[in-house]
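Participant: Would you mind keeping the following structure in view while I ask a few things?
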Amino acid sequence: MSRVVLAIDTSTSVSVAVSAGADWAMGWSDDPRGHTESVAPLMRDQLASAGVSAADVTDVVVGNGPGPFTGLRVGIVSGLVFAHARGIPVHGMCSLDVLAQQALEHVREGEFLVATDARRKEVYWARYRVDPDRPEQDRAVRLTDPAVVRPADLPEEVRSLPTAGRGPVLYPELFPEPLAVLDVSAGVLTGLALQRLDAGVDLPVEPLYLRRPDALTTAERATP
Amino acid sequence: MSTATRIAASRSTDQPLVLGLETSCDETGVGIVRGETLLVDAIASSVDEHARFGGVVPEVASRAHLEAMVPTIERATREAGVRLSDLDAIAVTSGPGLAGALMVGVAAAKSLAVALGVPLYGVNHLASHVAVDIVEHGPLPEPTLAMLVSGGHSSLLLVPDVTDDIQSLGSTIDDAAGEAFDKVARVLGLPFPGGPHIDRMAREGDRVAIDFPRGLTTGRDMERYRFDFSFSGLKTSVARWVQAREAAGEPVPVADVAASFQEAVTDVLTRKAVLACKEHGVMNLQIGGGVAANSRLRAMAQERCDAAGITLRVPRPGLCTDNGAMVASLGAQMVIKGRAPSDLALPADSSMPVTLVQA
């Protein structure tokens with residue numbers, strides 16, 4: 001049985017892909033405020049382009065982030081609800097892992113970073129190593145947990161590693177080795193998820209916020 | 001509703017089966033109606049998570065919506081005894097409300113529409129508060145005068161047709177009525193949300209113990225702000241009164257303050273609502289929104305409407321606060337009246353004007 005996968009990532013721009021064996025389609029939108037508007041039309045259009053109907057989809061995959069909260073949630077809730085409505089499984093994947101896999105087009109060996117825009121002068125980041133012994137679709141091994149940091153607070157030897165994501169575009173003086181990979185591709189997300197699912201890895205959907213909501217409890221306000 | 005009626009309702013096929021999603025504030029609401037019959041109203045509230053912050057925190061609400069969305073949809077369909085594949089349309093609150101919270105519901109509704117291949121209706125939250133009474137008390141008289149009072153809104157609306165013609169007669173120029181309840185509750189050391197606590201305390205108190213101001217009810221204000229409200233001055237006046245007592249080392253008569261404050265709010269609301277009915281020749285008043293659950297407001301509105309010969313409709317308290325059934329009810333009216341669905345690219349609009357019923 002071949003899988004028909006709907007993949008959605010809204011941690012960077014909006015990327016939606018549908019893969020049905022040899023037939024696949026991918027679309028994206030980079031309107032930073034347009035996540036809510038664009039995801040559903042992209043879902044409808046990619047299904048049509050791949051020549052399948054909503055009822056044909058067997059699996060949904062979403063990017064868990066990290067990413068700006070409001071946009072991130074739009075993709076995750078879209079995937080969760082679609083899967084529930086069709087009665088099919090939904091899987092989640094760290095979006096930084098997807099960018100790391102995309103970066104392998106430009107890094108052949110050694111260690112590298114993924115750093116994406118976390119706003120407020122911070123980046124979401126993780127450190128990776130290329131492992132040539134692993135399957136081609138899943139060759140970037142994550143060495144650190146996804147985290148949020150002010151880029152200047154990263155040690156220089158870390159910042160100096162080749163870096164994928166928009167971190168180097170936003171802070172070129174702090175990330176001197178940019179890789180030409182900016183936004184998450186739902187197509188690569190699909191390949192990575194299928195590889196891990198076939199390897200028996202459990203892929204829970206869980207938004208990676210990495211920050212508490214901005215608010216003080218009444219108790220915290222009382223104790224300055 | 002009895003099980004037998006519910007099954008009969010869900011089996012009838014000539015009326016549209018519509019699911020409504022509401023996420024404009026801190027309630028994740030999923031309601032399902034068959035035409036003008038309510039099948040289920042499922043709610044997941046994050047109010048307890050906000051209580052420790054002393055008010056609704058948008059990011060906390062948005063996170064809770066994401067977690068609650070699928071479980072609440074699942075509960076709604078199970079309790080209604082329907083399958084998602086039976087639905088004829090999806091309706092969703094597209095505004096006004098908290099932007100991030102709205103987006104969770106709008107995205108969920110669109111995804112449902114794509115997954116099920118059914119039309120989507122993005123509708124106005126305030127119009128839904130009016131339309132909910134159709135599933136409670138039957139078709140709306142046209143026109144109806146609606147007063148919506150909640151933590152976010154205080155509006156007087158003239159409603160010739162709830163699916164496409166709502167006119168704003170007035171609204172609050174500062175705090176919403178429910179906001180005033182929350183702030184006064186805080187002054188009195190009562191928990192959030194303040195409405196139910198003040199209502200309960202007020203039953204033990206003297207409504208005329210303290211003569212708190214009635215904003216925008218006299219002289220020139222009644223010309224310029226005839227059907228508008230102001231509760232900010234009232235809130236300040238209560239706070240000053242309490243502070244003066246405390247400064248003088250005297251005990252604060254919490255029940256009397258609560259009762260007198262509540263009396264001032266409900267006096268202004270009902271006085272202006274009845275006046276609006278009279279001046280627009282409308283003999284039907286409907287009250288909705290969370291503050292419509294207030295027992296004194298319901299009683300005073302009934303008295304004053306009876307005296308003026310106005311028919312008053314107030315949905316049960318559970319349908320006055322934010323819920324999905326109200327969205328489903330408005331969505332069903334849209335389908336019944338043959339309105340065109342919304343575009344799948346519809347945005348969430350945090351400041352959607354009440355005069356725009358459908359996005």
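Participant: Can you go through A:GLU220, A:GLU206, A:GLU173 and tell me which one is over 18 Å from A:PRO135 (Cβ atoms), of a type in the set (D, E, K, R) and more than 14 Å from every other protein chain (Cβ to nearest Cβ)?
Facilitator: After ruling out the rest, the residue left standing is A:GLU173.
Participant: Additional query: Do we find that A:LEU143 is on the phi < 0 side of the Ramachandran plot and out of contact with any Lys or Arg (no Cβ under 9 Å at 6 or more places or on another chain) in this structure?
Facilitator: No.
One line per residue, one yes/no per condition, for (1) assigned to a loop (DSSP other than H, G, I, E, B); (2) closer than 16 Å to B:LYS183 by Cβ; (3) touching a strand residue (DSSP E or B) at 6+ places or on another chain (Cβ under 8 Å); (4) in the same structural domain as B:LEU188 (by TED's automatic domain parsing):
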{"position": "B:GLU204", "(1), (2), (3), (4)": "yes, no, no, yes"}
{"position": "B:LEU234", "(1), (2), (3), (4)": "no, yes, no, yes"}
{"position": "B:ARG240", "(1), (2), (3), (4)": "no, yes, no, yes"}
{"position": "B:ALA255", "(1), (2), (3), (4)": "no, no, no, yes"}
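Participant: Does at least one position in region B:37-49 carry a residue that is under 18 Å from the mean Cα position of the chain (by Cα), polar (S, T, N, Q), assigned to a loop (DSSP other than H, G, I, E, B) and surrounded by 17 or more Cβ atoms within 10 Å (Cβ to Cβ)?
Facilitator: Among the residues of region B:37-49, at least one is under 18 Å from the mean Cα position of the chain (by Cα), polar (S, T, N, Q), assigned to a loop (DSSP other than H, G, I, E, B) and surrounded by 17 or more Cβ atoms within 10 Å (Cβ to Cβ), which makes the answer yes.
Participant: Could you tell me whether region B:96-119 includes any residue that is more than 11 Å from chain A (Cβ to nearest Cβ), more than 21 Å from B:ASP182 (Cβ to Cβ) and modelled with pLDDT of 95 or more?
Facilitator: Among the residues of region B:96-119, at least one is more than 11 Å from chain A (Cβ to nearest Cβ), more than 21 Å from B:ASP182 (Cβ to Cβ) and modelled with pLDDT of 95 or more, which makes the answer yes.
Participant: Right, something else. Could you check, for region A:13-25, whether at least one of its residues is surrounded by fewer than 22 Cβ atoms within 10 Å (Cβ to Cβ), under 23 Å from B:VAL104 (Cβ atoms) and either in contact with a helix residue (DSSP H, G or I) (Cβ under 8 Å, 6 or more places away or on another chain) or within 14 Å of another protein chain (Cβ to nearest Cβ) (or both)?
Facilitator: Among the residues of region A:13-25, not one is surrounded by fewer than 22 Cβ atoms within 10 Å (Cβ to Cβ), under 23 Å from B:VAL104 (Cβ atoms) and either in contact with a helix residue (DSSP H, G or I) (Cβ under 8 Å, 6 or more places away or on another chain) or within 14 Å of another protein chain (Cβ to nearest Cβ) (or both), which makes the answer no.
Participant: When region B:100-112 is examined, which residues are found to be crowded, with 24+ Cβ neighbours inside 10 Å and small (Gly, Ala, Ser)?
Facilitator: B:ALA101, B:GLY105, B:ALA107, B:ALA108, B:ALA109, B:SER111
Participant: When you go through (1) within 19 Å of the chain's Cα centre (by Cα); (2) more than 14 Å from chain B (Cβ to nearest Cβ) one by one for A:ASP198, which number turns out not to apply?
Facilitator: (1)
Participant: Can I ask one more? Which number in (1) in contact with a helix residue (DSSP H, G or I) (Cβ under 8 Å, 6 or more places away or on another chain); (2) within 22 Å of B:GLY151 (Cα to Cα) marks the one condition that B:SER260 misses?
Facilitator: (1)
Participant: Just the residues that are under 30 Å from A:LEU42 (Cβ atoms) and either at pLDDT below 95 or part of a strand (DSSP E or B) (or both), please, taken from region B:120-157.
Facilitator: B:LEU120, B:TYR121, B:GLY122, B:VAL123, B:ASN124
Participant: Right, something else. Only residues that are more than 10 Å from chain B (Cβ to nearest Cβ) and in contact with a strand residue (DSSP E or B) (Cβ under 8 Å, 6 or more places away or on another chain): list them for region A:1-12, please.
Facilitator: Scanning region A:1-12 gives A:SER2, A:ARG3, A:VAL4, A:VAL5, A:ALA7, A:ASP9, A:SER11, A:THR12.
Participant: Whether any residue in region A:131-141 is assigned by TED's automatic domain parsing to the domain that holds A:VAL107, out of contact with any helix residue (DSSP H, G or I) (no Cβ under 6 Å at 6 or more places or on another chain) and surrounded by 14 or more Cβ atoms within 10 Å (Cβ to Cβ) is what I want to check.
Facilitator: Yes, region A:131-141 contains at least one residue that is assigned by TED's automatic domain parsing to the domain that holds A:VAL107, out of contact with any helix residue (DSSP H, G or I) (no Cβ under 6 Å at 6 or more places or on another chain) and surrounded by 14 or more Cβ atoms within 10 Å (Cβ to Cβ).
Participant: Also, quick follow-up: Only one of A:ARG196, A:ARG166 is closer than 30 Å to B:ALA68 by Cα, modelled with pLDDT of 95 or more and among the basic types (Lys, Arg); which?
Facilitator: So the residue among A:ARG196, A:ARG166 that is closer than 30 Å to B:ALA68 by Cα, modelled with pLDDT of 95 or more and among the basic types (Lys, Arg) is A:ARG196.
Participant: Still on this structure, please answer the following. Would you mind finding the one in B:VAL149, B:VAL92 that is of a type outside the set (Phe, Trp, Tyr), touching a Phe, Trp or Tyr at 6+ places or on another chain (Cβ under 9 Å), under 28 Å from B:ALA293 (Cα atoms) and not assigned by TED's automatic domain parsing to the domain that holds B:GLY29?
Facilitator: Matching residue, one of B:VAL149, B:VAL92: B:VAL149.
Participant: Can you pull out the residues in region A:55-67 that are buried (at least 18 other Cβ atoms within 10 Å of the Cβ) and facing chain B (nearest Cβ under 10 Å)?
Facilitator: A:VAL57, A:VAL60
Participant: Checking B:ALA68 against (1) small (Gly, Ala, Ser); (2) touching a helix residue (DSSP H, G or I) at 6+ places or on another chain (Cβ under 9 Å); (3) more than 10 Å from chain A (Cβ to nearest Cβ); (4) farther than 22 Å from B:GLY195 by Cα, only one condition comes out false. Which one?
Facilitator: So B:ALA68 meets the others, but not (2).
Participant: Still on this structure, please answer the following. I'd like the full set of residues that are more than 8 Å from chain B (Cβ to nearest Cβ) and of a type in the set (A, V, I, L, M, F, W, C), limited to region A:40-54.
Facilitator: A:LEU42, A:ALA48, A:ALA50, A:VAL52
Participant: Moving on. Out of (1) surrounded by fewer than 24 Cβ atoms within 10 Å (Cβ to Cβ); (2) more than 14 Å from chain A (Cβ to nearest Cβ); (3) at pLDDT 95 or above, what's the single condition that is false for B:ALA80?
Facilitator: Exception for B:ALA80: condition (1).
Participant: Now for a different question. Quick check on this structure: which one of A:ARG127, A:ARG142 is modelled with pLDDT of 95 or more and in contact with a Cys (Cβ under 8 Å, 6 or more places away or on another chain)?
Facilitator: Sole residue among the options that is modelled with pLDDT of 95 or more and in contact with a Cys (Cβ under 8 Å, 6 or more places away or on another chain): A:ARG142.
Participant: Consider A:ASP153 carefully, then state whether it is among the charged types (D, E, K, R) and within 14 Å of another protein chain (Cβ to nearest Cβ).
Facilitator: no
Participant: List the helices (runs of 4 or more DSSP H) that sit entirely inside region B:273-359 and contain at least 1 residues that are more than 22 Å from B:VAL33 (Cβ to Cβ) and modelled with pLDDT of 95 or more.
Facilitator: B:295-308
The values are calculated or read from the model by the stated rules, or taken from the named source; none is laboratory data. Predicted, not measured: the structure shown is a model, and the values here were computed from it. Positions of Cβ are generated from backbone atoms using ideal geometry, with glycine treated the same way; all protein chains shown enter the neighbour counts.
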